[in-house]
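Where a number appears in this text, it was derived from the coordinates with a stated rule and is not lab data. All of these numbers come straight from a predicted model, not from anything done at the bench. Backbone-built Cβ (ideal geometry, glycine too); neighbour counts: all protein chains shown.
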Amino acid sequence: MEISHIEHIGIAVPNLEEAIKYYENVLGLKCYKQEVVEDQKVTTAFFKAGDTKIELLEATSPDSTIAKFIEKNGGRGGMHHIAFAIEDGVANALKECEDKGVRLIDKAPRKGADGLQIAFLHPKSTEAVLTELCENPDK
Ligand code: ZN
């Protein structure tokens, strides 16, 4: 697979409004989009830091993976996943990962936030960091 850059860093937050204040008022980044992703049961907020985005994730339901992550983390948020931009396509990358014995969370690309096609690799196969592969279908 061909990775062009870190597309975004996903950060779980217990309170999206509070978290946005920090990113805007302290770091001086601008939240350019908020989006509910129904099938992941999250509300996301996006910032740009150069070519890399920051994706804040707040659970919309107690059975969201983000809610479980925060619960395990003692009620605090924290870094949740790293997402790479894949130049030659997420489907190709998934096939390559599967051939190399990597455990996949998603067997095929699906629609993620911010118009991307995405798939997750299991942290058991990725040195314990939840890893997302992304491609921008409009590019
Ligand atoms: Zn993400």
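Looking at region 3-135, what % of its DSSP beta bridges pair antiparallel, to the nearest 5?
In region 3-135, DSSP labels about 75 percent of beta bridges as antiparallel.
Which whole-number value in Å³ per residue fits the convex hull of the alpha carbons of region 3-135?
On the way: hull volume 14.1 nm³, N = 133.
Output value, Cα hull per residue: 106 Å³.
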| Between ARG76 and VAL26, what is the label-to-label distance in nm when each label sits 7 Å out along the Cα-to-Cβ direction? | 1.2 nm
| query | Between ASP138 and MET1, what FRET efficiency comes out of the Förster formula 1/(1 + (r/R0)^6) with R0 = 22 Å and r the beta carbon distance, rounded to 0.05? | reply | 0.65
| How many nm separate the modelled label positions at THR52 and GLU17, each set 7 Å beyond the Cα in the direction of the Cβ? | 3.0 nm
| message | Can you tell me which lysines have their Cα less than 29 Å from the Cα of LYS21? Leave out same-chain residues fewer than eight positions away. | response | LYS30, LYS33, LYS41, LYS48, LYS53, LYS68, LYS72, LYS111
| message | Using the basic label-point model (7 angstrom from Cα toward the beta carbon), what is the LYS100 to LYS68 distance in nanometres? | response | 2.6 nm
| task | Find how many whole Å separate the alpha carbon centroid of region 53-80 from the alpha carbon centroid of region 113-131. | result | 15 Å
| request: Rounded to the nearest 10 degrees, what's the angle between the helix 90-99 long axis and the longest principal axis of the chain, both from Cα atoms, 0 to 90? | output: 60 degrees
